[in-house]
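Throughout, read-outs are computed from the coordinates displayed, never taken from laboratory work. Everything quoted here is computed from the prediction, not taken from an experiment. Ideal geometry is used to build each Cβ from the backbone, glycine not excepted, and the neighbour counts take in all protein chains shown.
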Amino acid sequence: MLGTIALSLVFLAGYGGMVSLAQLAVAGLAGYVAAHFGIQSDSSLGVLLPFGLNIALAILAGTLFGSLIGVVAVRCQGIYMIMITLAIAVCMFYLARQNLGFFNAYNGFHGVAPPKILGLDLKSPIPFYYLCLGSSILLYVLVCHLIQTPFGLALQGTRDDSRKMRTLGYNVERIRIFAFAIAGFIAAVGGLLKLWYAGSISPGSINVGASIVILIIAILGGLSRPIGAFAGALLFVIIQNFAIDFIDRERFNTMIGIILLLIVLFLPGGIVGFFTLSRGK
């Protein structure tokens, strides 16, 4: 689930040169939409929808939100884009925390479960595991395909030299906005999986700290390959679960910070970059 959300960031940053800190906010909006209108939600705030329509609406909301972020963010580059997307993530957090009508404010939504399809209860561990695995594989294949299409090559061209791409007649802003839309779609799927796994969603699940975790995962794994998102997520979860055996639970963030610093200094390509370099040698 974390790898899927990080994959949306790897697609944007690695192939578009655009770092967004709002990908978890996109995933969170998809989760909120699914919880608000979900037939499995114990909240009485929402209008109940069939699960197929509910899922489609949640993914559409995430895709549109991603596109909207792109419309705002592509007007600038570098640190300014990072700050704009961070501001959007912060706005989303406070909106969810203060809005009672749709987001249920502080309480959020609880008792949310994945749907039953053809008698198969996706809430059970093994079916849900394969749901996550299948979704991750499909999205990974999608990204690997997109980066080889004319659109993907044009996106990489805007990353390398946007001025030359404009000279060749490409609409750089439109390409980047479309990339944000695709990233929004990917993040929305990750948001649904995250909602169903936790069974709840609240403002705390989309705060700034959690948004930065997605960036850390992408950097740990490496931005040069789509598989880096999942490699980074795997390393992060392993450290998160076993760090208590080495250090105090409260020092987890310190340990992650040290590991991130070491990777930035000595392995700028992340885990994937290290293995790619080793295989090349």
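Below, the figures for the structure above:
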read-out	value
Cβ-based exposure ranking for SER124, SER67, in which fewest neighbours within 10 Å come first	SER124, SER67
Cα→Cβ-extended label distance, 7 Å offset, between ASN107 and GLN156, nm	5.1 nm
Region 2-207, relative contact order [Cα under 8 Å, separation at least 6], %	41 percent
Residue among GLY16, GLY101, GLY31 with the largest mean-square fluctuation in a Gaussian network model of the chain, springs linking Cα atoms under 10 Å	GLY101
Enclosed volume per residue, in Å³, of the convex hull spanned by Cα atoms of the chain	147 Å³
Value at 222 nm in deg cm²/dmol, rounded to 500, when DSSP H runs of n ≥ 4 in the chain each add -39,500 (n - 2.57)	-23000 deg cm²/dmol
Calculated FRET efficiency for the pair VAL208/LEU267, C-beta based, R₀ 30 Å, to 0.05	0.70
Dimensionless Rg ratio for region 139-281, taking C-alpha atoms and the 2.2 N^0.38 Å reference	1.23
Burial ranking of peptide ranges 169-178, 129-138, 224-233 (average Cβ count within 10 Å, highest at the top)	224-233, 169-178, 129-138
